[in-house]
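First up is the structure itself, then whatever we jot down about it.
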Amino acid sequence: MIERICNILGLVLLSIMAMGCKQQVTSIAPVAKSDLSFRLDSVARTFISHGETVGFSIAVLAEGDTLYNKGFGYADTLRKKLVNTSTVFNLASISKFVGSIMILKLVEEGVLSLDQTLDELIPDYPNAQQASKIKLRHLISMTSGLKEYAPHFDSLYVNEGTSPEDQEVVDFLTRNALDFEPGTFYRYCNSGFKLLPHIMELATGVRFEDLIDTLINVPANMNFRLMADRYNHDARLTQFFEIKEDSIVHRDPWLWLRGDGGLTTSAIDLVHLPFFLRDNIFISDSLFKLMSARTELGNGLTSGYGLGVKSGSFLGAPLWGHSGADKTYWSMVYFFPEQELSIVTLVNTNNTFYDAKELFIQVAQEVLARYIPDYESDEESNEDLSDYTGTYFRYDDSPDDEVVILLSEEDQHLYYQFGKGGMDMEKMYFGGNDDFFIERWPADRVHFVRGNDGKVLALEEYYAGYFSQLRKKRLQ
């Protein structure tokens with residue numbers, strides 16, 4: 001069933017691409033730009049021909065030069081409205097990136113301080129012991145130790161249609177113990193960012209929606225809006241889709257998200273954001289450097305998640321930015337400082353392999369002219385792999401969520417596995433400097449972290465080059 005739907009959709013989409021795609025170009029060498037446009041058009045055609053993505057946008061910006069800006073596919077359920085360069089998408093967790101810029105601007109203005117504790121930021125926060133430990137910097141570096149609120153409230157919303165209020169989220173957090181002491185570990189968590197709009201409103205007396213205008217839209221002439229402000233009001237907003245039970249179906253957006261998600265804009269607006277940030281349009285250079293730096297955790301550990309910024313490298317090219325995801329990735333914005341360019345991919349279809357992360361990987365390879373190597377042929381030798389083996393965990397992980405690194409006596413390779421026997425073992429290839437690449441996900445990277453004694457104490461996971469997970473090695 002899904003194959004037939006995909007084939008039909010793919011053929012129809014390919015037939016309308018010539019009508020539906022407009023390119024904005026400015027002033028780089030025509031041959032180089034036309035060649036890039038040809039290659040990215042090819043990526044897009046192949047991507048959409050699989051029929052598992054209804055519509056998407058790609059934007060690539062160099063210093064003052066739009067290298068590529070096109071939309072593909074459809075933005076509506078009837079598949080009559082084409083995605084174009086002004087189509088607006090859900091940014092999901094890129095909202096955290098934007099929210100952190102807003103927080104840091106208020107810090108720069110002296111309205112807030114990164115060292116303010118939660119009891120100062122939210123005076124009626126019920127759990128005094130928690131509130132006295134957690135600082136604003138912990139909330140936006142995902143080092144607060146707060147319990148993840150999303151699974152509980154997502155379930156209520158799906159099953160009962162109940163949208164959580166700010167106080168309900170606060171009550172949930174205060175009745176749950178911290179997963180770890182603030183500042184000592186990193187775990188991706190929505191809870192701290194869910195509190196940000198409430199914190200900003202208490203500090204300024206201004207609605208969060210109006211602060212988006214004051215701190216982001218007006219200084220840079222941008223157009224960020226919450227989903228709730230666009231839905232049923234803005235014809236540029238794409239509808240959203242999901243592959244479910246072998247069909248592509250319409251999916252209602254979650255209009256209650258603020259802080260940890262919920263922002264929307266177009267690809268061409270979003271692709272400018274890293275340049276405005278780098279050029280100090282929003283915040284000072286010193287705050288920008290602090291925002292994009294790794295976070296010190298103590299005990300030899302650091303986190304590649306700064307203050308609302310993910311950092312890393314894609315095929316050796318350093319990058320920073322943010323991504324947004326639900327079941328699969330919906331949105332990507334990353335800046336490459338050495339090349340001075342940013343790349344955005346936005347997709348309106350969920351629960352599919354052909355998502356914004358996969359699209360970003362393919363686009364970035366063409367833009368950078370760097371391609372995923374044959375890790376098996378290029379693998380470096382490593383005489384002692386046993387040091388890497390063991391169980392790696394995040395606080396509050398279930399046994400099935402822990403990662404087990406195994407050494408095969410048969411082929412002398414490491415294998416990556418969720419839980420003990422929880423999934424197929426994925427072969428890993430050594431890339432030098434404690435880096436490994438997983439055969440199943442060749443654009444991702446695993447880096448093992450050593451302590452001062454030289455022993456492995458943690459692993460970091462980089463997805464499409466950006467920092468995503470930190471897992472501590474369980475002591476035997």
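Each reported figure results from applying straightforward, stated rules to the coordinates on display, with no laboratory input. Here the structure is a predicted model, which means the values were calculated and not measured. Cβ placement follows ideal geometry from the backbone for every residue including glycine, while neighbour counts extend to all protein chains displayed.
A few notes on this one:
- Report note on the peptides 95-103, 115-123, 81-89, 178-186: ranked by the mean count of other C-beta atoms within 10 Å, highest first, their order is 95-103, 81-89, 178-186, 115-123.
- Cross-link table LYS133/LYS472; LYS33/LYS81; LYS357/LYS427; LYS194/LYS244, entries beyond 24 Å C-alpha to C-alpha: LYS33/LYS81; LYS194/LYS244
- Based on C-alpha pairs under 8 angstrom that are at least 6 apart in sequence, the range 95-208 has a relative contact order of 31 percent.
- Look at the dipole of the range 375-473 built from charges on Cβ: of TYR415, VAL456, ILE438, the Cα furthest out on the positive end belongs to VAL456.
- Counting only DSSP H runs of at least 4 residues, each contributing -39500 (n - 2.57), and dividing by the residue count of the chain, the helix-based mean residue ellipticity at 222 nm comes to -9000 deg cm²/dmol.
- Length released on extending from TYR231 to TRP441, taking residue separation times 0.36 nm less the Cα-Cα span: 72.1 nm
- The label point for ASP210 and the one for LYS81, both projected 7 Å from the Cα toward the Cβ, are 3.0 nm apart.
- Counting only residues at least eight positions apart within a chain, or on another chain, the lysines with an alpha carbon under 16 Å from that of LYS105 are LYS96, LYS289.
- Shape of the range 375-473, Cα gyration tensor, a/c cut at 1.5: rounded
- Label zone of ASP378 (point 7 Å out along Cα→Cβ, amide N under 18 Å): in the range 346-368 this covers 361-368.
- Using only side-chain charges placed at the Cβ, +1 for Lys and Arg and -1 for Asp and Glu, the dipole size of the chain relative to its Cα centre rounds to 1200 debye.
- Diffusion of the range 182-289 by Stokes-Einstein, at 4 °C in a medium of 1.567 mPa s and with Rh set to the Kirkwood radius over alpha-carbon pairs, works out to 80 µm²/s.
- Once C-alpha pairs closer than 8 Å and six or more residues apart are averaged by separation and normalised to the residue number of the chain, the relative contact order reads 16 percent.
- Taking a span of 27 Å or more along the helix axis (Cα atoms) and a mean Kyte-Doolittle hydropathy of at least 0.0 as the rule, the DSSP H helices of the chain that qualify are 30-49.
- Ranked packing of 319-332, 245-258, most packed first, by mean Cβ within 10 Å: 319-332, 245-258
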